[in-house]
Amino acid sequence: MTRWNQLRQLEALQHGLGTLFSRPPALRAEGHQESLAVAEWAPLVDISEDDTEYLIKAELPEVKKEDVKVTAEAGTLTIMGERKFEKEEKSKKYHRVERAYGSFGRSFSLPDDASPGKVSAEFKDGVLTVHMVKDEKAKPQQVEVKVS
């Protein structure tokens, strides 16, 4: 007799769903889409900070600079764009298409100390780097407590 562990089964379910929904769409040679494929995509990001700024790096392979838009307003930073599928050629026969194409959008809440007016972005080698400067007035200060 074994003991039933609900948590282990929930973790297995979560892992299975995570694998399912992070899987890109795939087309078979006949042009039929594989079952359980997801058609949307969103670029992967890394978010970090140091003493002076927040940094967001987004992977945007095969996306042109002019197809990317970054906005910062109302406490939200938004990255939008599109990765376009190459023109289908009559002489080319696709056996499998797993990479996702089309429009994408990612939005992030700006921290209280981020200055939306001081956002800059650069695009190099398929990576979008967004810099958000921290406000000077919002930085925490250490105050000495005197005992009398």
More than 15 Å apart - percent of Cα-Cα pairs taken over region 68-116: 60 percent
Straight-distance crosslink candidates among aspartates and glutamates, where the alpha carbon sits under 14 Å from K124 and sequence neighbours closer than 8 are dropped: E59, E62, E66, D67
Probe 1.4 Å - accessible area at V133, Å² to nearest ten: 50 Å²
Pairwise FRET efficiency - E82 versus D50, Cβ, R0 = 41 Å, nearest 0.05: 0.85
Spacing of the two label points (7 Å from each Cα toward its C-beta) at T71 and S107, in nm: 1.0 nm
Accessible area, probe 1.4 Å, largest first, for residues S48, S91: S91, S48
Neighbour-limited loop hits for trypsin sites (Lys or Arg not before Pro), region 43-148 (at most 15 other Cβ within 10 Å; DSSP other than H, G, I, E, B): K64, K84, K87, K90, K92, K93, R96, R99, K137, K146
DSSP-loop GluC sites (Glu not before Pro) across region 44-144, with at most 10 other Cβ within 10 angstrom: E86, E88, E89, E136, E144
Contour minus Cα-Cα distance for E144 and E11 (0.36 nm per residue): 43.2 nm
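The values are calculated or read from the model by the stated rules, or taken from the named source; none is laboratory data. None of these values were measured; they are calculated from a predicted model. Quick reminder, even Gly has a Cβ in these numbers, built from the backbone with ideal geometry, and neighbours come from all protein chains shown. With ligands, DNA and RNA removed, areas are computed over all heavy atoms of the protein, side chains included. Shrake-Rupley method; radii C 1.70, N 1.55, O 1.52, S 1.80 Å.
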